[in-house]
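Novice: Have a look at this one before I ask anything.
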Amino acid sequence: MTTGIPYFTGYSYKTLYDWDQYFESIVQIYMGWPSTYMKNGVLLFLQHQKKSGFIPRSVPSNPLHDSEHVKPFLSQISLMICREYGETDWILNDETFFKLKKYLDYWLVDMDVNKNGLSEWMSAPHTGMDNQHERAGMWLDRCSEGVDLNSYLVRETKAFACLAEMAGKKDIAKKYRQKSGLLKKKIQELLWDEEDGFFYDRKVNPQAPLSKSAQTGAYINQRQKKNWIPVRSASAFTVLFAEVATLEQARRMVVEHLFNPNEFWTSYPIAVLAKSEPWYCTQPLPNDVGCCWRANVWIPVNYMIYHGLRYYEMYDWASTVAHYTEKIVKEFGNREYFNSETGEGCGLDPFWGWSLLGHFMDFEETSTGDITLVE
């Protein structure tokens, strides 16, 4: 691209996306590539930082992304590079380190509009699950305190604390480790529904409609349960990836929902929206934005769930997820995503991004380490 700095992206149109870069970095590490593209990806985002700490969520950016902050994965990517390659100066020099801190603080402070300790998404496209509008709204709605977002932030603050320790900044490390712990408690306190045994996103403003623009907004408002947004999305399983759920909460999420054939365990699992939702559909609905996350299988979601299950020592279930994930990519090829009913490949063809992780599931099953661990 015209940045003058080489980077890797799986997209034929050459855009570098925020959370894609985390999963693509793992692929590059497993392929034995040097760290150059991974480091450049992080540094490119930091070069686009505004004075406030805000960074648009793609490189190059565009008007739709200009109001949406880069997803909280930059510290996790940086930590992984530092550990896998033993290279630290590129990110731990003071100038770059404090830019990383400023980006993270923007999430924790500026993106917590009601100051309740939970950050919010700007829209469904901002979540990366482009057309899950019923849980996160449309452009600029800023209506949803996402389970996924705040789980990512639990990991991100912990990863930043680890980087601070590497840099010899013990006070900063202690502060962000505490932030990670407090955020974990907030998710358990405000987003867990004991009756349903599920973590739900939460409305930023309980008195306002969920969304100004989502076409099914009226119906979802009628379904409101307390302050939760009662949409069962696979995004909720990020509580496993971030080790936020208690053991009992994790068990209920897995037994009652994840492996439930009436919800997420489809013919080709794992669907990114529960079959029990009225919006479950393998094709976009009218007025949807972006790719289809209303059903379908997205490999990075399976990947996070797989590792989350391993964190909770649910090894047999994790192996089941690994088996089906690798089966999909081997049977239907390297595609952007896959139909959750037929397994058919969808989107970009071929796709050289995060879907490639599916080919490494068998390797990870036999590996004694875990590249995704923050600590």
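The values are calculated or read from the model by the stated rules, or taken from the named source; none is laboratory data. Since the model is a prediction, treat every value here as computed from it, not as a measurement. Cβ coordinates were reconstructed from backbone atoms using ideal geometry, including for glycine residues, and neighbour counts include every protein chain displayed. Ligands, DNA and RNA are stripped out before the accessible areas are found, and what is left, the full protein with its side chains, is counted by its heavy atoms. Shrake-Rupley method; radii C 1.70, N 1.55, O 1.52, S 1.80 Å.
Novice: Provide a single number: the residues in the stretch 185-199 that are part of a loop (DSSP other than H, G, I, E, B) and in contact (Cβ under 8 Å) with a residue 40 or more places away in the chain.
Specialist: Step one: of the stretch 185-199, the residues part of a loop (DSSP other than H, G, I, E, B) are 191, 194-197.
Subsequent filtering for residues that are in contact (Cβ under 8 Å) with a residue 40 or more places away in the chain retains 191, 197.
Residues flagged as part of a loop (DSSP other than H, G, I, E, B) and in contact (Cβ under 8 Å) with a residue 40 or more places away in the chain within the stretch 185-199 amount to 2.
Novice: T320 versus (1) outside any helix (DSSP H, G or I); (2) of a type in the set (S, T, N, Q); (3) closer than 27 Å to E243 by Cβ: which is the lone unmet condition?
Specialist: Single failed check for T320: (1).
Novice: Restricting to the stretch 339-354, and then to whatever is in contact with a Phe, Trp or Tyr (Cβ under 6 Å, 6 or more places away or on another chain) and not in a helix (DSSP H, G or I), can you tell me which residue is surrounded by the most Cβ atoms within 10 Å (Cβ to Cβ)?
Specialist: Among residues in the stretch 339-354 that are in contact with a Phe, Trp or Tyr (Cβ under 6 Å, 6 or more places away or on another chain) and not in a helix (DSSP H, G or I), the one surrounded by the most Cβ atoms within 10 Å (Cβ to Cβ) is S340.
For every residue, the table says whether it meets (1) closer than 21 Å to A208 by Cβ; (2) out of contact with any strand residue (DSSP E or B) (no Cβ under 8 Å at 6 or more places or on another chain); (3) not aliphatic (A, V, I, L, M).
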residue	(1), (2), (3)
S119	yes, no, yes
W139	yes, yes, yes
V147	yes, no, no
I187	no, no, no
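This table checks each residue for (1) farther than 24 Å from L64 by Cβ; (2) within 17 Å of the chain's Cα centre (by Cα).
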residue	(1), (2)
R135	no, yes
C143	no, no
N150	no, yes
L163	yes, no
K170	yes, no
A173	yes, no
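Novice: Out of curiosity, is S12 more than 21 Å from D110 (Cβ to Cβ), more than 21 Å from the chain's Cα centre (by Cα) and open to solvent by less than 30 Å² (accessible area, probe 1.4 Å)? Let's see the steps before the verdict.
Specialist: Details: more than 21 Å from D110 (Cβ to Cβ): yes; more than 21 Å from the chain's Cα centre (by Cα): yes; open to solvent by less than 30 Å² (accessible area, probe 1.4 Å): no.
Answer is no for this residue.
Novice: If we only count helices (runs of 4 or more DSSP H) wholly inside the stretch 1-93, which ones have 1 or more residues that are at pLDDT 95 or above and within 18 Å of P300 (Cα to Cα)? Break it down into steps so the answer makes sense when it comes.
Specialist: On the way: elements: 18-30, 36-47, 74-85, 89-92.
Because the criterion is at least 1 residues that are at pLDDT 95 or above and within 18 Å of P300 (Cα to Cα), the helices (runs of 4 or more DSSP H) in the stretch 1-93 that meet it are 18-30, 36-47, 74-85.
Novice: Something else about it: For R294, all conditions in the list (1) buried (at least 22 other Cβ atoms within 10 Å of the Cβ); (2) in contact with a Ser or Thr (Cβ under 7 Å, 6 or more places away or on another chain); (3) of a type outside the set (S, T, Y) hold save one; what is the number of the exception?
Specialist: That leaves (2) as the condition not met.
Novice: Can you confirm whether D316 is in contact with an Asp or Glu (Cβ under 9 Å, 6 or more places away or on another chain), of a type outside the set (S, T, Y), over 27 Å from A159 (Cβ atoms) and open to solvent by 70 Å² or more (accessible area, probe 1.4 Å)? If you could, list the steps in order and put the result at the bottom.
Specialist: Values: in contact with an Asp or Glu (Cβ under 9 Å, 6 or more places away or on another chain): no; of a type outside the set (S, T, Y): yes; over 27 Å from A159 (Cβ atoms): yes; open to solvent by 70 Å² or more (accessible area, probe 1.4 Å): yes.
Against the criterion (in contact with an Asp or Glu (Cβ under 9 Å, 6 or more places away or on another chain), of a type outside the set (S, T, Y), over 27 Å from A159 (Cβ atoms) and open to solvent by 70 Å² or more (accessible area, probe 1.4 Å)), D316 does not qualify.
Novice: Here's a check for you: in the stretch 361-375, which residue that is under 20 Å from the mean Cα position of the chain (by Cα) and open to solvent by 40 Å² or more (accessible area, probe 1.4 Å) is modelled with the lowest pLDDT?
Specialist: E375
Novice: For residues that are out of contact with any Phe, Trp or Tyr (no Cβ under 7 Å at 6 or more places or on another chain) and on the phi > 0 side of the Ramachandran plot, scanning just the stretch 111-132, find the one that is most open to solvent (accessible area, probe 1.4 Å).
Specialist: Here the residue is K115.
Novice: Right, something else. Would it be correct to say that V42 is out of contact with any Leu (no Cβ under 6 Å at 6 or more places or on another chain) and open to solvent by less than 40 Å² (accessible area, probe 1.4 Å)?
Specialist: Judged against the criteria, V42 is not a match.
Novice: Also: Of (1) open to solvent by 70 Å² or more (accessible area, probe 1.4 Å); (2) more than 23 Å from W139 (Cβ to Cβ), P269 satisfies all except one. Which?
Specialist: For P269, the failing item is (1).
Novice: State all residues of the stretch 6-43 that are touching a residue at least 24 places away in the same chain (Cβ under 8 Å), over 18 Å from Y85 (Cβ atoms) and not hydroxyl-bearing (S, T, Y); if no residue qualifies, say none.
Specialist: G10, L16, D18, W19, D20
Novice: Would you pick out the residues in the stretch 106-133 that are more than 18 Å from the chain's Cα centre (by Cα) and farther than 19 Å from E189 by Cβ?
Specialist: Those that are more than 18 Å from the chain's Cα centre (by Cα) and farther than 19 Å from E189 by Cβ: V109, D110.
Novice: Out of the residues in the stretch 324-338 that are aromatic (F, W, Y) and part of a helix (DSSP H, G or I), which is least open to solvent (accessible area, probe 1.4 Å)? Don't jump to the end; show me each part of the working.
Specialist: Narrowing the stretch 324-338 to residues aromatic (F, W, Y): 324, 332, 337-338.
In the following step, the residues that additionally are part of a helix (DSSP H, G or I) were identified as 324, 332.
Values: Y324: 80, F332: 60 Å².
So the residue we want is F332.
Novice: Another question about this same structure. Does any residue of the stretch 247-255 turn out to be in contact with a strand residue (DSSP E or B) (Cβ under 9 Å, 6 or more places away or on another chain), part of a loop (DSSP other than H, G, I, E, B) and either at pLDDT 95 or above or surrounded by fewer than 16 Cβ atoms within 10 Å (Cβ to Cβ) (or both)?
Specialist: For the stretch 247-255, residues in contact with a strand residue (DSSP E or B) (Cβ under 9 Å, 6 or more places away or on another chain), part of a loop (DSSP other than H, G, I, E, B) and either at pLDDT 95 or above or surrounded by fewer than 16 Cβ atoms within 10 Å (Cβ to Cβ) (or both): absent.
Novice: Take the conditions closer than 30 Å to L273 by Cβ and of a type in the set (V, I, T) and apply them to I77. Does it pass?
Specialist: It is true that I77 is closer than 30 Å to L273 by Cβ and of a type in the set (V, I, T).
Novice: Give the number of residues within the stretch 234-246 that are in contact with an Asp or Glu (Cβ under 7 Å, 6 or more places away or on another chain) and either at pLDDT below 95 or of a type outside the set (V, I, T) (or both).
Specialist: Number of matching residues: 1.
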